[in-house]
Amino acid sequence: MTVSIELRCDNCRGTSISIPLDGGDDSAVDCEDCGADLGTLADIKTQLSLHVLGRKHAGAATFMLLH
Ligand SMILES: [Zn+2]
């Protein structure tokens, strides 16, 4: 199972990011547009945490998808 969330690819600036929700924190997260390796699920969770802190309401629902 994967879900697309509001993140941006560092390579192509695309927003279609594939996240393996049923994987562990060391699962690879890839850009669906260009295939760039965007780090691990743990990295993305850290980014989302910062994102949520910066935009309290807009980011909250997105972050919930990971739990
Ligand atoms: Zn990309």
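The values are calculated or read from the model by the stated rules, or taken from the named source; none is laboratory data. This one's a predicted model, so the numbers in the text were calculated from it and none came from an experiment. As a convention, Cβ positions derive from the backbone with ideal geometry for all residues, glycine included, and neighbour counts pool all protein chains shown.
Does any residue of the range 30-40 turn out to be modelled with pLDDT of 80 or more and among the aliphatic types (A, V, I, L, M)?
There is at least one residue in the range 30-40 that is modelled with pLDDT of 80 or more and among the aliphatic types (A, V, I, L, M).
Please determine, by comparing only the residues of the range 1-10 that are modelled with pLDDT under 80 and in a loop (DSSP other than H, G, I, E, B), which one is nearest to residue 46 (Cα to Cα).
Looking only at the range 1-10, we keep the residues that are modelled with pLDDT under 80, and these are 1-7.
Adding the requirement that they be in a loop (DSSP other than H, G, I, E, B) leaves 1, 4-7.
Details: 1: 20, 4: 16, 5: 14, 6: 14, 7: 12 Å.
By that ranking, first place goes to 7.
Do you know which residues across the range 11-51 are in contact (Cβ under 8 Å) with a residue 24 or more places away in the chain, within 13 Å of the ligand (Cβ to nearest atom) and part of a loop (DSSP other than H, G, I, E, B)?
Scanning the range 11-51 gives 11, 12, 32, 33, 34, 36.
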